[in-house]
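Notes to accompany the following structure.
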Amino acid sequence: MIGRRRLPEERPGVAPVGYKVAGLLLSVDGDRAAFAGVSIGRSRAYGVDAEAHCAYGRRHAPPAPRCDCGFYSLADRAEARALMCATEYRHAALLRVDVLGRYIRYERGFRSGRQRVTSVWVGACRCGNPAELLVDAGTGVVGRRGLVGSCTGCAVGRVGLSFGSYARLAGVPVAADASPYVPRGEDDLVPQLVAEVTLLQARLDRCQEQLGRLLGADPE
């Protein structure tokens with residue numbers, strides 16, 4: 001009987017790099033940072049160095065070929081960042097992770113048994129401006145509150161946590177992700193303002209002409 005052929009095993013000298021979206025968490029006493037998944041693992045918090053557990057309670061070690069368990073990450077940062085535009089992921093942050101231990105490679109990235117978070121990028125504020133601090137997201141898991149990025153204007157009156165403070169608790173660098181909105185510069189605004197003023201002047205001239213006709217006088 002011919003045995004089943006096994007796929008070749010990868011033995012990289014350097015851990016593959018993956019990117020993923022995740023929720024940011026802070027312990028109820030405010031002294032520990034953690035992360036949470038955004039799909040089947042959203043109820044389980046994990047740290048910077050984490051080992052996966054089967055979300056369905058099965059006893060096999062993730063990632064099992066016939067199960068969905070394991071840490072998912074994408075190979076392309078741009079693809080992971082694009083997920084942050086989706087409504088259900090607007091509160092999420094972007095993580096860069098080292099893919100460790102056993103992993104299964106698929107067409108978009110990896111499913112691994114272990115991972116190490118190496119960098120965190122916080123998404124834009126709900127108003128579209130770049131985030132400047134973290135505030136309570138109104139979400140969480142038992143013992144941990146969810147955090148979301150906010151600009152200082154939208155954070156007025158709310159308790160905030162700086163990126164530096166969260167970075168010290170987590171042990172990894174934290175920064176704001178680039179804003180998806182590109183502000184107009186002065187060179188872009190001047191032609192637009194000139195066009196608007198010209199249009200308003202034309203409408204004013206037209207109104208003066210019609211008013212002069214109604215009053216029986218020639219417009220000036």
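Each value in this text was obtained by applying a stated rule to the coordinates, not by laboratory testing. Only a predicted model underlies this, so the values are computations on that prediction, with no experimental measurement involved. Cβ: placed from backbone, ideal geometry, glycine included. Neighbour counts: every protein chain shown.
Net charge of the neighbourhood of Val38, taken over other residues with C-beta under 13 Å away and scored Lys/Arg +1, Asp/Glu -1, is +3. A DSSP coil position with no more than 14 other Cβ atoms inside 10 Å describes the following GluC sites (Glu not before Pro) in the stretch 69-108: Glu107.
Each label was represented as a point 7 Å from its Cα along the Cα-to-Cβ direction; for Arg32 and Gln210 these points are 7.1 nm apart. Residues Leu133, Leu24, Leu94, ranked from the fewest to the most other C-beta atoms within 10 Å, line up as Leu94, Leu133, Leu24. Report the net charge of residues surrounding Val141, where surrounding means a beta-carbon distance below 12 angstrom and charges are Lys +1, Arg +1, Asp -1, Glu -1. The answer is +4.
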